[in-house]
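Engineer: Structure provided below as structure tokens; questions to follow.
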Amino acid sequence: MSFPADFLWGAATSAFQIEGSLDVDGRGPSVWDAFAAQPGAVEGGGDASRACDSYRRWPEDIDLIADLGLGAYRFSVAWSRIVPEGRGRIEMRGLDHYERFVDTLLDRGIVPILTLNHWDMPQALMADGGWAGRASVDAFAEFTSAVADRLADRVPWWITQNEPWIIALLGYRLGLHAPGVRDLRASVAAGHHVLLAHGAGADILRSYPQVKVGPALNLLPCVPATPDDADAAAAWASDGYCNRWFLDPLFGRGYPDDMREHYERALGAPLDMIRPGDEDAIADRLDFLGVNYYTRRVMAAAEPEGPQQPFPWRVVGPAGDVPRTDDGNEIAPAAFRDLLIRLHREYDGIPVIVTENGGVFGDTPTHDGRIHDVRRVALLRDHVTAMGEAMAAGADVRGYMHWSLLDNFEWALGYRPRFGLVHVDYTTGTRTVKDSGRFYAEIARTGTVPPDPAPITPFG
Ligand code: IFM
């Protein structure tokens, strides 16, 4: 199996998860600053005030990317470094920072893939309800314009929104992420405004002819737990909840009726936050689709049980002893292959960039000072192979960004889950390339998957 010569091999991070330096260069507070400060919100009580210290150590991070031979890097621009008060004043020191960063990537031959909203909305926008309020759409457009004015002449790939479903679910329905809201109606509104903001941002970005724009969706193949018709119906319904609710309007089909009915039943009210014309303002504004893939969902039919469980389905997880990451996710590369083929067939042959894929493996340095994360090597091998199979079946995949370049701040789970190709010692900030990083470097160098995990050679 060999990949096209111009295939983008890269790695991904986001600003809040790696940068630290939260009070530097005029940055304003974000919703995650406020959320992480609440007792019990983040496992281990950690916050992101230092994280990987990448706001200061970014030249070292770019050296790492270059040494790994990666051709692309997906990063995000911290919204509250650019618009500290959420509206109005633009902070030039923030723009200057990202301009230096992008120019250095380009000097090193690394293609920048820029994410605008990776969850760190300015806290000031909570006065209007954050994403649950419609004013968020205009605020996002202001942010997009400011960043585009400075960088659209040299950044080719733009991601408007990262994982709208997770923002709606964890941020506004379950309260497990910032801003910690627990309200189904607010969560539907938030998801809708995130999509509307994608539309508004895409309209701005598409006025720059060389730019390609898309959202990054975390997509979860939903499979029935048993051959029963009821479980098959639950799997399809759950697909409406996590996948089609976002895919269909983005591709000009409007919100799917089946899921709209589930929401209206659960809320006992029409979805009047979706106004006439909104679906048109979301539709057909993507040059590519960013796909974040981690695992699949195994689904069974269930009785709705009130606000905590308002829908007639539940996740039961896979039966038996399946391979799992250290956070319990099933490792399911075949579902990844099938997802990419499905997107190609059902969504107009859309070009895809795999904007995230990875897993939690807690390996740390052993006596030889190295990190032998053999399970991440296997995950990489199996998912890259699955992606190659999907491409052989016709899927138009243009790039693969492993999540993540670095171990980093994993939101409400703090620093325990390690996703990196590169280990970070959080006390000293020292970066050490893991065996998986070397293995991935070999994939990127050759455009093929080595038959066996890593011909390991000393690095650097
Ligand atoms: O760390 C996150 C990232 O910010 C969004 N996608 C999933 C990753 C792993 O949980």
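The values are calculated or read from the model by the stated rules, or taken from the named source; none is laboratory data. Predicted model only: the values in this text are computed from it and were never measured. Positions of Cβ are generated from backbone atoms using ideal geometry, with glycine treated the same way; all protein chains shown enter the neighbour counts. What goes into the accessible areas is simple: the full protein's heavy atoms, side chains included, and nothing from ligands, DNA or RNA. Shrake-Rupley method; radii C 1.70, N 1.55, O 1.52, S 1.80 Å.
Engineer: When the Kirkwood radius is taken over all Cα pairs of segment 121-161, what Stokes-Einstein diffusion coefficient follows at 20 °C and 1.002 mPa s, in µm²/s?
Structural biologist: 190
Engineer: May I ask for the equivalent-ellipsoid semi-axes of segment 91-203, computed as the square root of five times each C-alpha gyration tensor eigenvalue and listed largest first in whole Å?
Structural biologist: Working from the Cα gyration tensor, I get semi-axes of 28, 13, 12 Å.
Engineer: Determine by what factor the alpha-carbon radius of gyration of segment 307-451 differs from 2.2 N^0.38 Å, reporting the quotient. Walk me through the intermediate numbers first.
Structural biologist: Values: Rg = 17.0 Å, N = 145, 2.2 N^0.38 = 14.6 Å.
Ratio of Rg to 2.2 N^0.38 Å for segment 307-451: 1.17.
Engineer: Please report the net charge: other residues with Cβ closer than 10 Å to the Cβ of Arg324, K and R +1, D and E -1. Could the numbers behind the result be given before it?
Structural biologist: Working: positive: Arg375; negative: Asp321, Asp326, Asp327, Glu330.
Taking every Cβ under 10 Å from that of Arg324, the sum is -3.
Engineer: What FRET efficiency do you get for Glu305 and Ala232 if R0 is 35 Å and r is their Cβ-Cβ distance, rounded to the nearest 0.05? Walk me through the intermediate numbers first.
Structural biologist: Details: r = 21 Å, r/R0 = 0.61.
Efficiency for this residue pair is about 0.95.
Engineer: Additional query: Which of Ile282, His423, Met259 sits closest to the plus end of the dipole of the chain, meaning its Cα is farthest towards the positive end, when Lys and Arg get +1 and Asp and Glu get -1 on the C-beta?
Structural biologist: Comparing the listed Cα positions along the dipole, His423 ranks first.
Engineer: How big is segment 151-303 on each of its three principal axes, counting only the C-alpha atoms and giving the largest first in Å?
Structural biologist: In descending order, the Cα extents are 53, 31, 30 Å.
Engineer: Leaving out ligands, DNA and RNA, and with a 1.4 Å probe, what % of the accessible surface on segment 51-144 is carbon or sulfur?
Structural biologist: Of all accessible area on segment 51-144, carbon and sulfur atoms account for 49 percent.
Engineer: If you put +1 on each Lys and Arg Cβ and -1 on each Asp and Glu Cβ, how big is the dipole of segment 1-107 around its Cα centre, in Debye rounded to 20?
Structural biologist: That gives segment 1-107 a dipole magnitude of about 320 debye.
Engineer: With each run of n ≥ 4 DSSP H residues scored as -39500 (n - 2.57), what mean residue ellipticity at 222 nm is computed for the chain after dividing by its residue count and rounding to the nearest 500 deg cm²/dmol? Mind dumping the intermediate values first?
Structural biologist: Values: 14 runs with 161 residues, N = 460.
It comes out at -10500 deg cm²/dmol, rounded to the nearest 500.
Engineer: Still on this structure, I have one more. How big is the charge dipole of the chain about its Cα centre, in debye rounded to the nearest 20, if each Lys and Arg gets +1 on its Cβ and each Asp and Glu gets -1 on its Cβ?
Structural biologist: I would put it at about 440 debye.
Engineer: While we're here: Restricting attention to segment 262-355, which GluC sites (Glu not before Pro) occupy a DSSP loop and are surrounded by at most 14 other Cβ atoms within 10 Å?
Structural biologist: Glu305
Engineer: Between Thr115 and residues 5 or more places away or on another chain, which pairs have amide H atoms under 5 Å apart, with H built 1.01 Å from N, and which residues are they?
Structural biologist: Phe75, Ser76, Val77, Ile159
Engineer: Relative to the Cα centre, what is the charge dipole magnitude of segment 83-145, using +1 at the beta carbon of each Lys and Arg, -1 at the beta carbon of each Asp and Glu, and rounding to the nearest 20 debye?
Structural biologist: Approximately 60 debye in magnitude.
Engineer: Further question on the same structure: How are the C-alpha pair distances of the chain spread across 10 Å bins, as whole percents from the shortest bin up?
Structural biologist: Histogram of Cα-Cα distances, whole percents per bin: 4, 21, 33, 29, 12, 1, 0.
Engineer: Also: Out of Gly46, Phe35, Gly94, whose Cα points farthest toward the positive end of the dipole of segment 1-150 (charges: +1 Lys, Arg; -1 Asp, Glu; placed on Cβ)?
Structural biologist: Phe35
Engineer: Once phi is turned into θ = phi - 60°, what whole-Hz ³J(HN,Hα) does the Karplus curve with 6.51, -1.76 and 1.60 give for every residue of segment 335-345, x standing for Gly and Pro?
Structural biologist: Result, rounded to whole Hz: 5, 5, 4, 5, 4, 4, 5, 4, 4, 4, 6.
Engineer: Summing Lys, Arg as +1 and Asp, Glu as -1, what charge do residues with Cβ under 13 Å from the Cβ of Ala444 carry, Ala444 excluded?
Structural biologist: -1
Engineer: A follow-up question, please. Tell me whether segment 244-310 comes out rounded, prolate or oblate; compute the Cα gyration tensor, take square roots of the eigenvalues as a ≥ b ≥ c, and use a/c under 1.5 as the rounded threshold.
Structural biologist: oblate
Engineer: Which one, Ala146, Pro179, Pro122, projects farthest toward the positive side of the charge dipole computed for segment 109-261 from Cβ point charges (K/R +1, D/E -1)?
Structural biologist: After comparing all options, I get Ala146.
Engineer: Something else about it: In segment 1-65, what is the volume of the convex hull around the alpha carbon atoms, normalised per residue and reported in Å³?
Structural biologist: Details: hull volume 9.8 nm³, N = 65.
Looking at segment 1-65, the number lands at 151 Å³ per residue.
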